Amino acid sequence: MQNNDTYTIDEMKQQMALLKKKLDEQSILNEKVLRGVMKKNFYSLNKRGRMLFVLGVLVACWAPGYFSYLGLSSWFCAATMIMLLFCAFKTFQYHKNLWKIDFSESNLIELSEKLTLLRKRYQEWYKIAMCMIIPWFIWLALEIYFVCGGESLYILGGCLVGGIIGGLAGTRINKNMIGRADELLEQIKEYRA
């Protein structure tokens, strides 16, 4: 009878070891899948940051020349270029710490801190943007009025439509960046749990 009990206990130990091995394999698989999804979202966030930076620099180079061609003042053209370069620099500054991270070897606590900071900066960007765009648009309206006179109403209407479209696109990009950061933070939270 004791021999039979020993055999049953040994068999239960083997089954427990097999079950533990399967559970560990499942955990490793889940970890790989979760890390893969996180890496894809992280790459997408960094890619968008790079695209915004490059686009900002390109527009900073193009816009002053175009405004100069329209006959607007050199001061306005220079202020436009400085404003756009400032926006590109801020985008670079917001993302540069994330661009340096090798996701496969990164510390998730450090990554979550950097993502939280990025999210906070994008939420505060509206205040900075409005403080720049409103005076710039008023200055643009005055410049166009003095250069074009009576035809300025049509040009200002086009500028207003362009401003609205640009504002909506900028708001969407901003919300998308915040959403990506939130999604990554949630995934990190799940992974750590």
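Taken together, the values in this text are just the output of simple stated rules run on the coordinates, not laboratory data. Here the structure is a predicted model, which is why all the values come from computation and not from measurement. Here the Cβ positions follow ideal geometry from the backbone for every residue, glycine too, while neighbour counts run over all protein chains shown.
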message = Name the residue from Met83, Leu115, Leu72 whose Cα lies farthest towards the positive end of the charge dipole of the range 26-192, charges +1 on Cβ of Lys and Arg and -1 on Cβ of Asp and Glu.
response = Leu115
task = Give the calculated FRET efficiency between Ala17 and Leu117 to the nearest 0.05, with a Förster radius of 45 Å applied to their Cβ-Cβ distance.
result = 0.50
message = Residue by residue through the range 151-156, what is 3J(HN,Hα) from phi via Karplus (6.51 cos²θ - 1.76 cosθ + 1.60, θ = phi - 60°)? Round to whole Hz and write x for glycine and proline.
response = 7, 5, 4, 5, 5, 5
Kirkwood Rh and Cα Rg combined as Rg over Rh, evaluated for the range 140-193 = 1.46
task = Mind giving me the nanometre distance, one decimal, between the label points for Leu58 and Ile128, set 7 Å out from Cα along Cα→Cβ?
result = 2.2 nm
query = Calculated FRET efficiency, Tyr145 and Gln93, Cβ-Cβ r, R0 41 Å, to nearest 0.05?
reply = 0.70
ask   = In nm, to one decimal, how far is the modelled label at Thr171 from the one at Asn107, with both set 7 Å along Cα→Cβ?
value = 4.0 nm
The range 46-182 - Kirkwood radius from inverse mean 1/r over Cα pairs (Å) = 16.6 Å
inquiry  = I want to check the label-to-label distance for Leu185 and Met51. Put each point 7 Å from Cα in the C-beta direction and report it in nm to one decimal.
reply    = 2.3 nm
ask   = Which pairs, out of Lys40/Lys127; Lys120/Lys189; Lys96/Lys127; Lys39/Lys175; Lys39/Lys127; Lys120/Lys175, put more than 23 Å between their alpha-carbon atoms?
value = Lys40/Lys127; Lys39/Lys127
query = Which whole-Hz couplings ³J(HN,Hα) result when phi for each residue of the range 53-66 is put into the Karplus expression 6.51 cos²θ - 1.76 cosθ + 1.60, θ = phi - 60°, listed in order with x for Gly and Pro?
reply = 5, 4, 4, x, 5, 4, 5, 4, 7, 7, 4, x, x, 5
